[in-house]
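Shown next, in structure tokens, is the structure this report addresses.
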Amino acid sequence: MFDIGFWEFALIGIITLIVVGPERMPEIAKTAGRYIGKAKRFIAKIQEDINDEIEADKLKSHLDLTDKDSNIVEIVDETKESIDKIKQDVNKIVNFKSPQK
């Protein structure tokens, strides 16, 4: 995250110990740890939400493509059925008129 190594962290701890004293150091360390934990959880939650949104967008685009494909197939099938019905009706009309001649 901030690329703080062991020596940088130790230097911060020594300076804090000198400035605040050994009596208040444990309380400050506990408070700092609590805030760092909250920050990490907050960042993890944001990353999780972003990943969920990305996955939802991917799924939505996939479903849209699938819906478009299925609509085209349905339209073609319905058109074929309509053409077959028209052919049957035309054949009935032709067969009905033929015997009367």
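Read-outs: derived from the displayed coordinates by stated rules, not from any lab. In this text the structure is predicted, and so the values were computed from the model without any measurement. Cβ sites come from the backbone with ideal geometry, for glycine too, and all protein chains shown count toward neighbours.
Placing R0 at 25 angstrom, the Cβ-Cβ distance between TYR35 and TRP7 gives a FRET efficiency of 0.65 after rounding to 0.05.
Net length available on complete extension from ILE50 to ASP64 is 2.9 nm, with 0.36 nm assigned per residue and the Cα-Cα distance removed. Relative to the dominant Cα principal axis of the chain, helix 25-97 is inclined by about 0°.
Tell me the net charge near ILE46. Cut-off is 13 Å between Cβ atoms, ILE46 excluded, with +1 for each Lys or Arg and -1 for each Asp or Glu. Don't skip to the answer; put the middle values down first.
On the way: positive: LYS38, LYS40, ARG41, LYS45; negative: GLU48, ASP49, ASP52, GLU53.
Net charge in that neighbourhood comes out at 0.
To test your reading of the geometry: what angle, between 0 and 90 degrees and rounded to tens, separates the Cα axis of helix 6-20 from the longest principal axis of the chain? The two axes meet at around 50 degrees.
In loop segments of the range 7-95 as defined by DSSP, the trypsin sites (Lys or Arg not before Pro) with at most 15 further C-beta atoms inside 10 Å of their C-beta are ARG24. For the chain, the tally of Lys pairs with Cα-Cα distances below 25 Å comes to 13, considering only residues 8 or more apart or on different chains. Ordering GLY21, ILE83, GLY37 by Cα displacement along the dipole of the chain toward the positive end leaves ILE83 in first place; charges were set at the Cβ atoms of Lys, Arg (+1) and Asp, Glu (-1).
Once the cut-off is 19 Å, how many percent of the Cα-Cα pairs in the chain end up in the long-distance tail? Tail of the P(r) past 19 Å holds 74 percent of the pairs.
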